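Below is one structure, written out as structure tokens, with a few remarks after it.
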Amino acid sequence: MNGKTHHRFYWLLAALALLAWLPSARAQDGMTSLQVLMIQAQNESAPIDRRLEKVEYKLRRVFGFQFYRYVGEGNLSLPQRGEGTISLPDGHRLNIRLGGKGGHAEVRWFRNQEALLSTSVGLSRNAPIVLGGIPSNGGKLILVLTSM
């Protein structure tokens, strides 16, 4: 390799290293990705839904209903001290304010303008947090918040 080709080769390696580093940098830059599942707990028959398989057994123990139906979901990415809203079906929304490195979050659940729930939770990566048990359609409406 001559000097010019050698120089280009190192620039190419540096560019590839930067591209490989970018996704991990995103995870380390203080961003938190959140997912919310909206679920209807009921005693009326509902088909098994694979989207709920990671949390349904926990919900059954807590709420005691026989069936759980997927209603919808939303996602959001926030900085460590960020605030945002996840829109959900039927006029529901979840306002979330992160409190920094400790994984603390203030969570408010609304249906249109009505506040349904306000709480403070500690977030741990991939550890679902169950919110709610709001009466709905003869059962309970539940949100499951997960930090990814």
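The values are calculated or read from the model by the stated rules, or taken from the named source; none is laboratory data. Please read all numbers here as calculations on a predicted model, not as lab measurements. Neighbour counts run over all protein chains shown; Cβ positions are idealised from the backbone, glycine included. Just so you know, the surface numbers come from the protein's heavy atoms only, side chains and all, with ligands and any DNA or RNA stripped out. Shrake-Rupley method; radii C 1.70, N 1.55, O 1.52, S 1.80 Å.
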Could you check the stretch 27-85 and list, in sequence order, the residues that are charged (D, E, K, R), without any contact (Cβ under 8 Å) to a residue 12 or more places away in the chain and assigned to a strand (DSSP E or B)? none
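Residue 97: modelled with pLDDT of 95 or more and either more than 22 Å from residue 40 (Cβ to Cβ) or hydroxyl-bearing (Ser, Thr, Tyr) (or both), yes or no?
Against the criterion (modelled with pLDDT of 95 or more and either more than 22 Å from residue 40 (Cβ to Cβ) or hydroxyl-bearing (Ser, Thr, Tyr) (or both)), residue 97 qualifies.
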Tell me yes or no: at least one residue of the stretch 54-61 is open to solvent by 50 Å² or more (accessible area, probe 1.4 Å) and modelled with pLDDT of 95 or more. no
For the list (1) touching a Lys or Arg at 6+ places or on another chain (Cβ under 7 Å); (2) surrounded by fewer than 16 Cβ atoms within 10 Å (Cβ to Cβ), I need the number of the one condition that residue 81 fails. (1)
Take the residues in the stretch 86-103 that are part of a strand (DSSP E or B) and surrounded by 13 or more Cβ atoms within 10 Å (Cβ to Cβ); name whichever of them is farthest from the chain's Cα centre (by Cα). 92
